[in-house]
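Visitor: After the structure tokens below, expect a handful of questions from me.
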Amino acid sequence: MITSRFCILFISFILGTSFCIGQSFQLGSDYYPEHFPIENVSKDASLMKAGGLNIVRMGDFAWFKMQPDSNTYTLDWLVKTVDTLGKHQIKTLLCTPTAAIPKWMFDQYPEIMQVTETGQRKPYGKRRHACLNNETYRNYSVKIAQQLATAFANNPNVEGFQIDNELMAEEPYCYCETCRLKFSNWLKDKYKTIENLNNTWGLTFWSENLTDFNQVFLPRKGDNPGCFVDYQAFYSDCTIEYFKLQRDAIKKVNPRFKVTHNICSSGFIYRLDMYKLAQSCDFLSLDNYPYTWTLENEYAPVDNFDYHPAMASMALSQIRGTLHTPFWINEQQISRTAGKQRKMIEPGMARLWCHQGLAHGAESILFFPYRTFEYAHEQMMNGVVDADNIPRRRYEEVKKTSDELTKIKGIIGNAFPTAKAAILRDFKCDWAFEDGRVSADFRYMRHIYSYYRALREQDITTDIVSPTDNLSVYPLIIVPAQVLVTPQLCAKLKQAAEKGSTVVVTCMTGLRDTTMKSFGRLINKDIESLAGIEMQEQFALIKQETTTIVYPKAGKAYTGSLWYDVFKPTTASVLATYQSRFLKGKPAVVRNRVGKGMVYYVGTVPSDAMVDTLMNEVLINATIAPLAKATDKLVEITTLKRGTISYVYAINFTDKDQVLQLSLPMKDVLTNEKLEGKAFVKAMEFRVMEVQ
């Protein structure tokens, strides 16, 4: 079954139209002309053009330059910059500058600042420190968006707008009275009566019952779980509402403007519901820093770093999965960043990251920044050129990358990744796990990544999708720790399995409903029935406490940690068993036939090695195989499709030549070389092949 959304996307490819802003691939950089005299722009534009750059993003931190006081707007310098770039065939994505407020605004309206959970008003001196619900801040944000849209309403060099910058980064939550009153109204709209709120949150516990919505408090991590999850959902909604205020102001001036937002943390931020935000965007964007910022930074900065291309791949798949259409990378790491440096970026790596972006559905990539900053917070951030504006190795690498991407895009056109596997990712689940009560050391995205990495190492193109998405189009569906389930999701999983899909469900799925309330049993009965088990007991331990698991078919022993389900099969067959502690001999992994399909249930958080073994068996039983296969884990293979034509995009992130095994005859799209049986990919190189 094909959804209407997929039909629209398919038809748009066939007709040659696109969800893109431009019809060809765009490679550019983030540009900060407010840092230097306007006379420099023409020289920069010439150098950009010669280096193969055809788009810039700018304005994201230039509020004072645009508005030096409350009543004055100075945009002539920006108009001149845009026009000068345009004369060199360089387009512009403008940003609203609302992530960093000017000092005059703070001086006149100190109440604009966020309040911490301890009740202290934040001082001036950073960014992202104004309360998104403050009316003064909102009014000024809308006005600057209107001014920008008006100034460029008919300027052909401006392709669209990025609203704000990296929403919900840094410390997003505010505890001011404005937020408390708004949260109270949000809850009243959701629960209608205070009795319903009390019952849903279980406020009888610890005698926290409320008698009126005016008594609502703003929770912190560690407070009532139902309340805290609602607060996280509330602030995500407030952030999207703030985004839409600026979006609507721009669209009102001229509806032609396409509007986006750049998701921070390399796409791994979990505080903001990307699925909801995407519905308000014309296209979605992310900031991609594969060496400096991974999902681990969202949980806590870590010193140990073992690079794997699947980490960035997962982030790109997440962004792609919000709208199932092409997306932008508005900040692409090119070298050293302002954050902790974990690894030197080898020459050629930034180029391969761009190929990875194109392979995963990006239609525009912008390096951050164009020029190395001379001062201030991000002065250690290397750019395409250094502060002296002399083109060196990085510039030449960008020029080479532009040439390659232009050629490939000209051949494969609107080819888009096509996935046979999908992994569910639900932001509400991350919110539910946030306070650590379910399992103290468990981290939701790590669990998702373990399964995603295993599939990518088997060269299976995989989508990251919402539980509300259409799942019937995927032969393989992974449901990792879906702690909050709805009747609708349970029904969709059952229907997909009955029609022939393979479904893998892992532990902690179905513990609570969407309000964090128990189903009055160990897990949701529909999940239990789907897995063919009867849950008997559950244990949560810290990460250091593990148990042995034997997988007879693999002839190996593995480990499980963090969570242990004790269950007995009803209709399922046992694949693996616990082999230590009092769990010895009890099932750890089972398989249950449901209609034409299979459902696997994994009762623990397995080691990566065990996930690899499980995914290998699942793929064989589901008869899912890649068009090309690599032996090295650092070779990434993605399958794309345009109409009836399939392509294989192989990227070798290793320093050694690699061999690919091909399941069908292929042709190299750049050299027209005919390939059968195998293909070679040189060290730190790529290959794009058309299936014959």
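The values are calculated or read from the model by the stated rules, or taken from the named source; none is laboratory data. All values reported here derive from a predicted model rather than from experimental measurement. Counting neighbours? That spans all protein chains shown, and the Cβs are built from the backbone with ideal geometry, glycine included.
Visitor: Tell me whether segment 635-647 contains one or more residues that are closer than 14 Å to Ile411 by Cβ, out of contact with any Gly (no Cβ under 9 Å at 6 or more places or on another chain) and of a type in the set (Ser, Thr, Tyr).
Guide: Checking segment 635-647: at least one residue is closer than 14 Å to Ile411 by Cβ, out of contact with any Gly (no Cβ under 9 Å at 6 or more places or on another chain) and of a type in the set (Ser, Thr, Tyr).
Visitor: Keeping to segment 552-579, report how many residues are farther than 17 Å from Ala531 by Cβ, in contact with a helix residue (DSSP H, G or I) (Cβ under 8 Å, 6 or more places away or on another chain) and buried (at least 21 other Cβ atoms within 10 Å of the Cβ).
Guide: Number satisfying all stated conditions: 1.
Visitor: Could I ask something else about it? Give me the pairs, please: first residue somewhere in segment 592-619 and in the same structural domain as Phe442 (by TED's automatic domain parsing) and among the aromatic types (Phe, Trp, Tyr), second residue anywhere and at pLDDT 95 or above and surrounded by fewer than 16 Cβ atoms within 10 Å (Cβ to Cβ), beta-carbon distance under 8 Å, and either six or more positions apart or on two chains.
Guide: Every condition considered, no pair remains.
Visitor: Let me ask another. Conditions: (1) touching a residue at least 24 places away in the same chain (Cβ under 8 Å); (2) surrounded by fewer than 18 Cβ atoms within 10 Å (Cβ to Cβ); (3) closer than 28 Å to Arg121 by Cβ. Asp212 meets all but one. Number of the miss?
Guide: Asp212 satisfies all of (1) touching a residue at least 24 places away in the same chain (Cβ under 8 Å); (2) surrounded by fewer than 18 Cβ atoms within 10 Å (Cβ to Cβ); (3) closer than 28 Å to Arg121 by Cβ except (1).
Visitor: Then there's this: Among the residues of segment 241-260, what is the count of those that are in contact with a Lys or Arg (Cβ under 9 Å, 6 or more places away or on another chain) and part of a loop (DSSP other than H, G, I, E, B)?
Guide: 1
Visitor: All but one of (1) more than 20 Å from Ala481 (Cα to Cα); (2) assigned to a strand (DSSP E or B) hold for Phe567; which doesn't?
Guide: (1)
Visitor: Is it the case, given these coordinates, that Ile620 is at pLDDT below 95, surrounded by fewer than 17 Cβ atoms within 10 Å (Cβ to Cβ) and not basic (Lys, Arg)?
Guide: Against the criterion (at pLDDT below 95, surrounded by fewer than 17 Cβ atoms within 10 Å (Cβ to Cβ) and not basic (Lys, Arg)), Ile620 does not qualify.
Visitor: Condition first: surrounded by 17 or more Cβ atoms within 10 Å (Cβ to Cβ) and over 25 Å from Glu39 (Cα atoms). Now tell me which residues in segment 389-409 satisfy that.
Guide: Within segment 389-409, Glu397, Thr401, Ser402, Glu404, Leu405, Ile408, Lys409 qualify.
Visitor: Oh, and also: Being at pLDDT 95 or above, closer than 20 Å to Arg453 by Cα, hydroxyl-bearing (Ser, Thr, Tyr) and assigned by TED's automatic domain parsing to the domain that holds Tyr451, is that true of even one residue in segment 568-580?
Guide: There is no residue in segment 568-580 that is at pLDDT 95 or above, closer than 20 Å to Arg453 by Cα, hydroxyl-bearing (Ser, Thr, Tyr) and assigned by TED's automatic domain parsing to the domain that holds Tyr451.
Visitor: State all residues of segment 451-486 that are part of a helix (DSSP H, G or I) and in contact with a strand residue (DSSP E or B) (Cβ under 8 Å, 6 or more places away or on another chain); if no residue qualifies, say none.
Guide: Tyr451, Tyr452, Leu455, Arg456
Visitor: To continue, here is another question. What tally of residues in segment 343-376 results from selecting those that are out of contact with any helix residue (DSSP H, G or I) (no Cβ under 9 Å at 6 or more places or on another chain), assigned to a loop (DSSP other than H, G, I, E, B) and in contact (Cβ under 8 Å) with a residue 60 or more places away in the chain?
Guide: Final tally of qualifying residues: 2.
Visitor: Still on this structure: Are any residues in segment 119-145 in a helix (DSSP H, G or I) and crowded, with 18+ Cβ neighbours inside 10 Å, and if so, which ones?
Guide: Selection gives Tyr137, Arg138, Tyr140, Ser141, Val142, Ile144, Ala145.
Visitor: Filter segment 599-635 down to the residues that are assigned to a loop (DSSP other than H, G, I, E, B) and of a type in the set (Val, Ile, Thr) and list them by number.
Guide: Matches in segment 599-635: Thr623, Ile624, Thr631.
Visitor: What's the total number of residues in segment 580-616 that are surrounded by fewer than 17 Cβ atoms within 10 Å (Cβ to Cβ) and farther than 22 Å from Val483 by Cα?
Guide: Going through segment 580-616 one residue at a time, the tally reaches 10.
Visitor: Among the residues of segment 489-508, what is the count of those that are within 24 Å of the chain's Cα centre (by Cα), under 21 Å from Gly595 (Cα atoms) and of a type outside the set (D, E, K, R)?
Guide: Within segment 489-508, residues that are within 24 Å of the chain's Cα centre (by Cα), under 21 Å from Gly595 (Cα atoms) and of a type outside the set (D, E, K, R) number 6.
Visitor: Tell me which residues, restricted to segment 42-58, are within 13 Å of Thr81 (Cα to Cα), assigned to a helix (DSSP H, G or I) and either in contact (Cβ under 8 Å) with a residue 60 or more places away in the chain or in contact with a Lys or Arg (Cβ under 8 Å, 6 or more places away or on another chain) (or both).
Guide: Within segment 42-58, Lys43, Asp44, Ala45 meet the criteria.
Visitor: May I pose another question? Considering Ala491, Ala496, which residue is small (Gly, Ala, Ser) and within 28 Å of Thr638 (Cβ to Cβ)? Even if it seems obvious, please write down each step before you answer.
Guide: Details: Ala491 fails: within 28 Å of Thr638 (Cβ to Cβ).
Unique residue meeting the criteria: Ala496.
Visitor: While we're here: Would you mind finding the one in Leu530, Leu493, Leu489 that is at pLDDT 95 or above, touching a Pro at 6+ places or on another chain (Cβ under 6 Å), crowded, with 19+ Cβ neighbours inside 10 Å and not in a loop (DSSP other than H, G, I, E, B)? Reasoning before the result, please.
Guide: On the way: Leu530 fails: touching a Pro at 6+ places or on another chain (Cβ under 6 Å); Leu493 fails: touching a Pro at 6+ places or on another chain (Cβ under 6 Å).
Exactly one of Leu530, Leu493, Leu489 is at pLDDT 95 or above, touching a Pro at 6+ places or on another chain (Cβ under 6 Å), crowded, with 19+ Cβ neighbours inside 10 Å and not in a loop (DSSP other than H, G, I, E, B), namely Leu489.
Visitor: Sticking with this one: Pick out the one residue from Ala310, Ala338 that is among the aliphatic types (A, V, I, L, M), in the same structural domain as Val56 (by TED's automatic domain parsing) and at pLDDT below 95.
Guide: Working: Ala310 fails: at pLDDT below 95.
Within the list Ala310, Ala338, the selection yields Ala338.
Visitor: Give segment 71-85 a look and list any residue that's farther than 9 Å from Ala45 by Cα and part of a helix (DSSP H, G or I), or say none.
Guide: Asp76, Trp77, Leu78, Val79, Lys80, Thr81, Val82, Asp83
Visitor: Ok, one more. Residue pairs, Cβ under 7 Å, 6 or more apart or interchain, first in segment 172-183 and within 13 Å of Asp237 (Cα to Cα), second among the β-branched types (Val, Ile, Thr). List them.
Guide: Phe183/Val216
Visitor: Is it the case that segment 446-457 has a residue that's over 24 Å from the mean Cα position of the chain (by Cα) and either at pLDDT 95 or above or of a type in the set (Phe, Trp, Tyr) (or both)? Write out each step before concluding.
Guide: First, pick out the residues of segment 446-457 that are over 24 Å from the mean Cα position of the chain (by Cα): none.
No.
Visitor: Considering segment 273-291 alone, what residues qualify as being surrounded by 20 or more Cβ atoms within 10 Å (Cβ to Cβ) and either farther than 18 Å from Asp469 by Cα or assigned by TED's automatic domain parsing to the domain that holds Val465 (or both)?
Guide: If the condition is that a residue be surrounded by 20 or more Cβ atoms within 10 Å (Cβ to Cβ) and either farther than 18 Å from Asp469 by Cα or assigned by TED's automatic domain parsing to the domain that holds Val465 (or both), then Ser285, Leu286, Asp287, Asn288, Tyr289, Pro290, Tyr291 are the ones that fit.
Visitor: Restricting attention to segment 146-174, which residues are under 26 Å from the mean Cα position of the chain (by Cα) and among the small types (Gly, Ala, Ser)?
Guide: Scanning segment 146-174 gives Gly160, Ala169.
Visitor: Now, a different point. Tell me, yes or no, whether segment 78-101 has at least one residue that is surrounded by 18 or more Cβ atoms within 10 Å (Cβ to Cβ) and in contact with a Cys (Cβ under 8 Å, 6 or more places away or on another chain).
Guide: no
Visitor: Regarding Asp44, is this residue among the charged types (D, E, K, R) and surrounded by 16 or more Cβ atoms within 10 Å (Cβ to Cβ)?
Guide: Spelling it out, Asp44 is indeed among the charged types (D, E, K, R) and surrounded by 16 or more Cβ atoms within 10 Å (Cβ to Cβ).
Visitor: Take the residues in segment 514-527 that are touching a residue at least 24 places away in the same chain (Cβ under 8 Å) and of a type in the set (D, E, K, R), then tell me which one is surrounded by the most Cβ atoms within 10 Å (Cβ to Cβ).
Guide: Asp526
Visitor: Just to be sure I understand, how many residues within segment 335-361 are surrounded by fewer than 21 Cβ atoms within 10 Å (Cβ to Cβ), of a type in the set (A, V, I, L, M, F, W, C) and more than 17 Å from His308 (Cβ to Cβ)?
Guide: 1
Visitor: What's the number of the only condition in (1) modelled with pLDDT of 95 or more; (2) surrounded by fewer than 23 Cβ atoms within 10 Å (Cβ to Cβ); (3) within 30 Å of Gln661 (Cα to Cα); (4) not aliphatic (A, V, I, L, M) that Thr468 fails to meet?
Guide: (3)
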